[in-house]
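So the structure is just underneath, and the comments pick up after that.
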Amino acid sequence: MSEVLLEVEGLKVHFPVRAGVLRRLKGYVHAVDGISFRVAPGTTLGLVGESGCGKTTAGRAVLRLYQPTAGKVLFRGRDLASVGKTHLRQVRRDLQMIFQDPFESLNSRHTVGTILEEPFIVHGMGDRAFRRQKVRQLLEMVGLPASAADRFPHEFSGGQRQRIVIARSIALEPKLIICDEPVSALDVSIQSQILNLLLDLQQNMGLAYVFISHDLAVVKFISDYIAVMYLGKIVEQAPAGQLYQSPRHPYTRALIAAIPVARPGGRGIRAVLGGEVPSPINPPSGCRFHPRCQYARDVCRHREPVLADLAGAEGSGHLVACHRADELSRN
């Protein structure tokens, strides 16, 4: 990536766990535990992993909806993890979010027109005539009629509500949008429509996305780069095509093997992923994946692997955190 819009360095988000009548501190949930990634203008980074891996928390920490415990979130070179509320409000014109549940993220008491006008009111942009014109334009951009402005969210289908949420997210012409499972609650046929809409908006507006999902098939379709998370850590990161063609981490291989295919006998990768995800309050020592990994050795249990280029080939763009990655790549 020659130009960087967003750079996350060593991001950690730990939530305190308290118990008892006196609410004494018992430990921390290591939701995100030292991840780093970059996003270039006009590109999409897919952040993928099982439920509970920390991907949604990471996305919200980028926007400072959660306060980072440690690390840096550099947007155009400015660290958002340490800026004050005044600057954060200004920068949020360029940073927006699409939530998983469109109904929960829309105020059911407001009309769509009022919802879409709100970003302009909050940032003091234009008069009422200007805002109404912008609302009409936004609805047209996401494939809804202008008459939708006078209706309430409950009058729309799930796919239409997600279009409204997308319209709100692009209202201020942002540079980066965090997409948190934006199609997981929709029917498959509607998912493809929303994904194509996101791609069209990206092309027309030069948007960058951090696309959060547990569905690798969806992530493959929309992403330029993919980062695979497990228990608060990024375990593999690579260009999308390269990661799907040559996954190196056992966890990535298991996730790809679990994708349904039309010809069950045609899959080249076989991997078994058993057991449950360990508790993020007390994560395993060494490699966090070792309790579920069929390739684990003593070194995996005692020493944490570093996310690094395969075979030490710096600049390859394929990063893996696995002690046996080079060995497994030959299998």
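Annotation: average projected area of region 104-171 is 4.1 square nanometres, based on the convex hull of Cα atoms across all directions. Rounded to the nearest Hz, the phi-derived 3J(HN,Hα) couplings of region 24-37 under the Karplus curve 6.51 cos²θ - 1.76 cosθ + 1.60 (θ = phi - 60°) are 6, 5, 10, x, 9, 8, 7, 5, 10, 10, x, 9, 9, 6, where x marks glycine and proline.
For residue 76 and residue 327, the FRET efficiency from 1/(1 + (r/R0)^6), where r spans their Cβ atoms and R0 equals 35 Å, is about 0.30. Shown here is the pair-distance distribution of the chain: with all Cα-Cα distances grouped in 10 Å bins from zero up to the longest one, the shares run 5, 24, 31, 24, 12, 4, 0 percent. Please report the net charge: other residues with Cβ closer than 11 Å to the Cβ of residue 144, K and R +1, D and E -1. Summing Lys and Arg as +1 and Asp and Glu as -1 gives +3. Scanning the chain for trypsin sites (Lys or Arg not before Pro) in DSSP loops with at most 16 neighbouring Cβ atoms within 10 Å leaves 152-266 as the longest stretch between them. Working from label points 7 Å from Cα in the Cα-to-Cβ sense, the residue 85 to residue 258 distance is 4.1 nm.
Membrane-span-like helices in the chain, defined purely by DSSP H runs whose alpha carbon atoms cover 18 Å or more axially and whose average Kyte-Doolittle hydropathy reaches 0.0, are 188-205.
Normalised by the number of residues in the chain, the average gap of Cα pairs under 8 Å and 6 or more apart makes the relative contact order 19 percent. Dividing the summed helix terms, -39500 (n - 2.57) for each DSSP H run of n ≥ 4, by the number of residues in the chain produces a 222 nm estimate of -8500 deg cm²/dmol to the nearest 500.
When the label point is put 7 Å from the Cα of residue 309 along its Cα-to-beta-carbon vector, which residues of region 218-250 have a backbone N closer than 16 Å? Residues 237-239 qualify, since their backbone N sits under 16 Å from the label point.
Read the figures in this text as sums done on the coordinates, not as results from a lab. Computed from a predicted structure; not experimentally measured. Neighbour counts run over all protein chains shown; Cβ positions are idealised from the backbone, glycine included.
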